[in-house]
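*Asks:* Dumping the structure here so I can ask a few things about it.
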Amino acid sequence: MILVTGAAGFIGANFVLGWLSSVGESVLSIDKLTYAGNLENLACLRGDSRHTFAQLDIADSDELLRLLAHHQPRAVVNFAAETHVDRSIDGPDAFIQTNIVGTFRLLESVRNYWIGLEGRAKTEFRFLHVSTDEVYGSLAPDQAAFTETSNYEPNSPYSASKAASDHLVRAWHHTYGFPVLTTNCSNNYGPLQFPEKLVPLVILNALGGKPLPVYGDGLQVRDWLYVGDHCSAIRRILEEGKLGETYNIGGWNEKTNIEIVTAICHILDEIRPRTDGLPYAEQISYVTDRPGHDRRYAVDARKLERELGWRPVETFETGIRKTVQWYLNSPEWIKSVQSGSYRDWVQKQYSDGSDI
Ligand code: NAD
Ligand code: TYD
């Protein structure tokens with residue numbers, strides 16, 4: 001079996017669901033269940049004997065060692081993290097605690113378990129650390145996309161804490177020979193994403209008749225990847241990646257934020273038009289920019305294509321349409337995530353943007 005951390009979050013849950021339907025091997029899912037973790041994301045696995053869930057902080061070494069000894073996973077995939085840039089600006093503590101201290105504790109727990117393995121169980125063991133392209137910093141319009149050898153120049157508390165975790169993972173390989181793989185992926189979108197991130201926030205605000213908040217001039221660029229493609233890349237790297245290597249994962253889909261918001265509006269105009277006949281783009285509202293907002297991310301994923309033969313399946317157009325459709329079809333899930341703490345965050349973050 002494999003152990004997946006952060007399994008009740010957006011990408012972790014998509015990964016576990018995709019793994020069980022494509023690979024079929026058992027999964028031990030762990031998650032602290034912070035505001036971003038939602039067991040509803042794994043609800044369809046209730047009663048599936050291949051899946052076990054434990055509520056656990058990756059920093060809880062004693063309990064983690066007990067679970068590792070009991071379940072004997074052949075690999076760990078680490079998604080657990082605090083992930084929202086705006087929250088990291090508002091309160092960085094949790095980011096330092098989970099992304100740095102938590103990753104350190106997780107590495108030590110899993111290394112202790114790995115030391116005790118023998119034969120093929122030891123040589124074939126893998127620890128795959130899931131990270132972000134944001135560790136590389138921000139690109140000028142004419143700069144080449146990030147490669148695996150680009151300098152680390154993180155700008156936000158979130159990206160700095162992820163960069164620190166990547167360095168720990170690298171050092172555990174270099175110093176202890178711990179069998180790691182690291183992935184640095186671009187912005188994901190798709191089903192099950194918590195609606196504090198741009199794509200689901202815009203879909204839900206549009207449907208709710210609320211303003212669609214665009215930070216600054218909306219011309220910041222991100223490279224967007226459908227979550228299912230991110231998960232397939234991780235599966236490929238877990239099975240075929242070279243020990244100690246890092247792999248960039250990207251969608252070859254550079255878009256400005258305003259293009260993303262407009263694309264969502266157009267799809268909604270077509271499949272769920274406003275009752276007053278006006279376009280959803282009427283709801284776009286430019287709001288105060290994020291402090292230190294990175295201008296552009298772009299990922300060069302050619303190493304992954306060249307060495308492991310991976311390319312994304314979805315284009316932005318097919319992926320965003322599937323995503324909008326999923327949110328339209330999932331009112332119960334939406335109700336389950338829009339709790340009091342979610343409303344408190346939205347109220348605080350967008351207080352200058354009138355009734356968002
Ligand atoms: P998410 O916020 O939706 O999920 C994170 C999950 O981790 C949540 O379920 C949360 O409860 C859990 N968690 C937080 N602290 C924990 C702890 N101390 N112990 C155990 N579990 C804990 O995030 P996501 O978008 O699914 O991101 C998953 C990973 O992928 C992160 O490491 C993130 O940095 C990385 N990543 C995300 C993106 C993206 O666009 N979302 C892009 C590239 C990389
Ligand atoms: P986000 O989904 O938070 O991802 P990240 O900051 O990790 O890239 O934001 C994506 C982009 O959208 C980013 O440039 C910030 C911008 N954005 C807005 O313009 N308005 C919003 O309400 C949010 C949440 C993000």
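The values are calculated or read from the model by the stated rules, or taken from the named source; none is laboratory data. Computed from a predicted model, the values in this text were never measured in an experiment. Ideal geometry is used to build each Cβ from the backbone, glycine not excepted, and the neighbour counts take in all protein chains shown. With ligands, DNA and RNA removed, areas are computed over all heavy atoms of the protein, side chains included. Shrake-Rupley method; radii C 1.70, N 1.55, O 1.52, S 1.80 Å.
*Asks:* Obtain the nm distance between the two label points defined at SER341 and GLU25 by a simple spin-label model: each point lies 7 Å from its Cα along the Cα-to-C-beta direction.
*Replies:* So the label points at SER341 and GLU25 sit 3.2 nm apart.
*Asks:* Extending each Cα 7 Å along its Cβ direction at HIS167 and HIS266, get the distance between those two points in nm, one decimal.
*Replies:* It works out to 4.3 nm between the two label points.
*Asks:* What angle do you read, to the nearest 10 degrees and between 0 and 90, between the alpha-carbon axis of helix 157-176 and the longest principal axis of the chain?
*Replies:* That helix lies at roughly 20 degrees to the long axis.
*Asks:* Rounded, prolate or oblate: pick one for the stretch 1-106, where a ≥ b ≥ c are the square roots of the eigenvalues of its C-alpha gyration tensor, a/c under 1.5 means rounded, and failing that, prolate if a/b is larger than b/c, else oblate.
*Replies:* Judged from the Cα gyration tensor, the stretch 1-106 comes out oblate (a/c at least 1.5, b/c at or above a/b).
*Asks:* Turning to a different aspect of this structure: How large are Rg and Dmax for the stretch 25-70 when only the alpha carbon atoms are used, in Å?
*Replies:* Every Cα atom of the stretch 25-70 included, Rg and Dmax give 11.4, 30 Å.
*Asks:* If you don't mind, there's one more thing I want to ask. With springs only between Cα atoms under 10 Å, which of HIS70, HIS129, HIS173 fluctuates most in a Gaussian network model of the chain?
*Replies:* Maximum fluctuation in the GNM of the chain, among the listed residues, is at HIS70.
*Asks:* Still on this structure, I have one more. When each pair of different Cα atoms in the stretch 261-334 is counted once in the 1/r mean, what is the Kirkwood radius in angstroms, to one decimal?
*Replies:* 15.8
*Asks:* Another one. Can you tell me how the stretch 187-231 classifies by the Cα gyration tensor, rounded, prolate or oblate, using a/c under 1.5 as the rounded cut?
*Replies:* oblate
*Asks:* What pairs from LYS32/LYS348; LYS322/LYS348; LYS210/LYS348; LYS197/LYS335; LYS210/LYS335; LYS162/LYS348 go past 19 Å between their alpha carbons?
*Replies:* Cα-Cα > 19 Å for LYS32/LYS348; LYS322/LYS348; LYS162/LYS348; rest within.
*Asks:* Another question, then. Please give the charge dipole size of the chain, origin at the Cα centre, charges +1 on K and R Cβ atoms and -1 on D and E Cβ atoms. Round to the nearest 20 debye.
*Replies:* Using only the charged Cβ atoms, the result is roughly 760 debye.
*Asks:* Please report, to two decimal places, log10 I(q)/I(0) for the stretch 123-172 at q = 0.17, 0.18, 0.19 Å⁻¹ as given by the Debye formula with identical point scatterers on the Cα atoms and no solvent.
*Replies:* -0.56, -0.61, -0.66
*Asks:* Calculate for the chain the 222 nm mean residue ellipticity that helices alone would give, adding -39,500 (n - 2.57) per DSSP H run of length 4 or more and normalising by residue count, nearest 500 deg cm²/dmol. Let's see the in-between values first.
*Replies:* On the way: 13 runs with 144 residues, N = 356.
After summing the helix terms and dividing by residue count, I get -12500 deg cm²/dmol.
*Asks:* Rg over Rh of the stretch 104-229, using C-alpha atoms and the Kirkwood radius, what does it come to? Provide the component values of the computation, followed by the final result.
*Replies:* Working: Rg = 18.6 Å, Rh = 17.4 Å.
Rounded to two decimals, Rg over Rh is 1.07.
*Asks:* What residue among MET1, ILE237, GLN143 has its Cα farthest toward the positive end of the dipole of the chain, where the charges are +1 on Lys, Arg and -1 on Asp, Glu, each on the Cβ?
*Replies:* MET1
*Asks:* Taking Cα atoms of the stretch 204-294, Rg/Rh with Kirkwood Rh, to two decimals?
*Replies:* 1.12
*Asks:* Taking the Cα centre of the stretch 88-197 as the origin, how large is its charge dipole in debye, to the nearest 20, when only Lys and Arg (+1) and Asp and Glu (-1) carry charge on their Cβ atoms?
*Replies:* 500
*Asks:* Restricting things to alpha carbons, tell me how big the stretch 229-356 is in terms of Rg and Dmax, in Å.
*Replies:* 18.7, 57
*Asks:* Another one. Taking +1 at the Cβ of each Lys and Arg and -1 at the Cβ of each Asp and Glu, which of LEU17, LEU45, GLY119 sits farthest along the dipole of the stretch 1-144 towards its positive end, judged by Cα position relative to the Cα centre?
*Replies:* My answer, from the dipole projection, is GLY119.
*Asks:* Charges only on Cβ, +1 for Lys and Arg, -1 for Asp and Glu: so what's the dipole of the stretch 217-296 about the Cα centre, in debye to the nearest 20?
*Replies:* 180
*Asks:* Right, something else. Heads up, I need the accessible area for LEU56: 1.4 angstrom probe, whole protein in place, Å², nearest 10.
*Replies:* 10
*Asks:* Once the convex hull of the C-alpha atoms of the chain is built, how many Å³ does it hold per residue, rounded to a whole number?
*Replies:* Output value, Cα hull per residue: 130 Å³.
*Asks:* Does anyone have the angle between helix 257-271 and the longest principal axis of the chain? Alpha-carbon axes, 0 to 90°, nearest 10?
*Replies:* 70
*Asks:* Using 7 Å Cα-to-Cβ label points, what is the ARG111/ASP289 separation (nm, one decimal)?
*Replies:* It is 4.1 nm.
*Asks:* Let me know the shape class of the stretch 59-142, please: from the alpha-carbon gyration tensor, a ≥ b ≥ c as square roots of the eigenvalues, rounded when a/c is under 1.5, otherwise prolate if a/b is greater than b/c, or oblate.
*Replies:* It comes out oblate by the Cα gyration axes.
*Asks:* Further question on the same structure: Listed highest first by mean packing, meaning other Cβ atoms within 10 Å per residue, what order do 246-252, 23-29 come in?
*Replies:* Taking the mean over residues of other Cβ atoms within 10 Å, the ranking is 246-252, 23-29.
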